[in-house]
1. Got a sec? Which of B:47, B:23, B:69, B:42 is at negative phi and without any contact (Cβ under 8 Å) to a residue 24 or more places away in the chain?
2. Among the candidates B:137, B:130, which residue alone is more than 14 Å from chain A (Cβ to nearest Cβ), at pLDDT 90 or above and in contact with a helix residue (DSSP H, G or I) (Cβ under 8 Å, 6 or more places away or on another chain)?
3. Consider segment B:112-144. How many of its residues are free of Cβ contacts under 8 Å to residues at least 24 places away in the same chain and either crowded, with 22+ Cβ neighbours inside 10 Å or within 15 Å of the chain's Cα centre (by Cα) (or both)?
4. Given B:97, B:93, which one is more than 18 Å from residue B:157 (Cα to Cα), touching a helix residue (DSSP H, G or I) at 6+ places or on another chain (Cβ under 8 Å) and within 13 Å of another protein chain (Cβ to nearest Cβ)?
5. Say whether the condition of being more than 14 Å from chain A (Cβ to nearest Cβ) and assigned to a loop (DSSP other than H, G, I, E, B) is met by at least one residue in segment B:60-82.
6. Any residue at all in segment A:32-55 that is modelled with pLDDT of 90 or more, over 22 Å from residue A:231 (Cβ atoms), assigned to a strand (DSSP E or B) and within 17 Å of the chain's Cα centre (by Cα)?
7. Return the residue satisfying two criteria in turn: it lies in segment A:96-125 and is assigned to a loop (DSSP other than H, G, I, E, B) and within 12 Å of chain B (Cβ to nearest Cβ), and of such residues it is farthest from residue B:100 (Cα to Cα).
8. Give B:169, B:190 a once-over and let me know the one that is surrounded by fewer than 19 Cβ atoms within 10 Å (Cβ to Cβ) and either in contact with a helix residue (DSSP H, G or I) (Cβ under 8 Å, 6 or more places away or on another chain) or not in a helix (DSSP H, G or I) (or both).
């Protein structure tokens, strides 16, 4: 579903990604861990077609980036640590707006369905700037799944959420994974990642330094494996 | 790796629907907050007032400086609006939300242009009568109003493109006017000359070259923006 070969990204003379190879099978949930500055967000932005690779081959659902970016975007849902929502529009209006951009058929019914799914049907007519951070993140997930994408990218989705909102988000992530969607999530939370994902990859110094399938991973051992991987 | 997959089919009219969606979103958000229009309008009226006090004008001089004062006011207020329009998208991360949509990115550009143009025309519709009252200069000249619309299209067209570039920089507030004013200079010059021609009642043959320049400028820059917007907004 996702195939990345020898991906290099530089900003000016500074290399951020130095030859990343990365494969994700359909239905897999990959947690991408790594220290600050490892290039996790840059990597996800390239997968999301928001940033051009300097070198290398990137394909999602068979579509090549950046040449077939519009087709990639059609099968992609992205949740960032910023909600990507308009504070001066209501929750319903935000979804309706994005639904029009994605040309979602039977939009009104789909918006109502998604609002119900993320538990915001009762607050659908409230302006988004009146929502709590947790509610905004729930609506952001609603925005990302509105067009029923095959691949979901989550960039540190738990950032700024309290315990209750984080648990709620975990539930939504499990729902997304249970529906057979392919998920890539960046995070700093090792234990949460080990619980949610089917595979944990560690990005360090611009390459995938280690990769652990969930089946062979003891969550308690992850912190030491992580330290070992980032030390190189 | 396998060959490239076939492109996902897009329903007819998707481009127009995406443009309309961006316009609707900008107008609806502005209708609620009135942040952008309020700032542009107050700024434009202040500029007109300052000129009124700063320039001790007799009747004859007034008719020669009116076009210049008007276009300086529109240009300053327009820059303020363009900065805020794109800045709001960037600050809330919504620019990424727009860029993630599976539409030709020029649809986003044209949506922003139409919305920004609407804001600019609203400001101009208020500033022109106020100016007319303060300076006692009759401005309800159909030709002049046409020039204002043409000039605004070009200004907003170039401005939206450059604001999309400048918004990526930390110094965007300073950067936009530095990028915009040199590029938009021929447009402003043509707009001032054509406006002046209509206000002074010059012959059509004297005004037409400036109007033509405005038209060409509008078409050229809208086409250029349509071609390069995808590259401008991508990292």
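The values are calculated or read from the model by the stated rules, or taken from the named source; none is laboratory data. Computed from a prediction, not measured in an experiment: that's the story for all the values here. Neighbour counts are summed over all protein chains in view; Cβ atoms, including those assigned to glycine, are modelled from backbone coordinates with ideal geometry.
1. B:42
2. Unique residue meeting the criteria: B:130.
3. Of the residues in segment B:112-144, 1 are free of Cβ contacts under 8 Å to residues at least 24 places away in the same chain and either crowded, with 22+ Cβ neighbours inside 10 Å or within 15 Å of the chain's Cα centre (by Cα) (or both).
4. After ruling out the rest, the residue left standing is B:97.
5. The answer is no; no qualifying residue exists.
6. Within segment A:32-55, none of the residues are modelled with pLDDT of 90 or more, over 22 Å from residue A:231 (Cβ atoms), assigned to a strand (DSSP E or B) and within 17 Å of the chain's Cα centre (by Cα).
7. A:105
8. B:169
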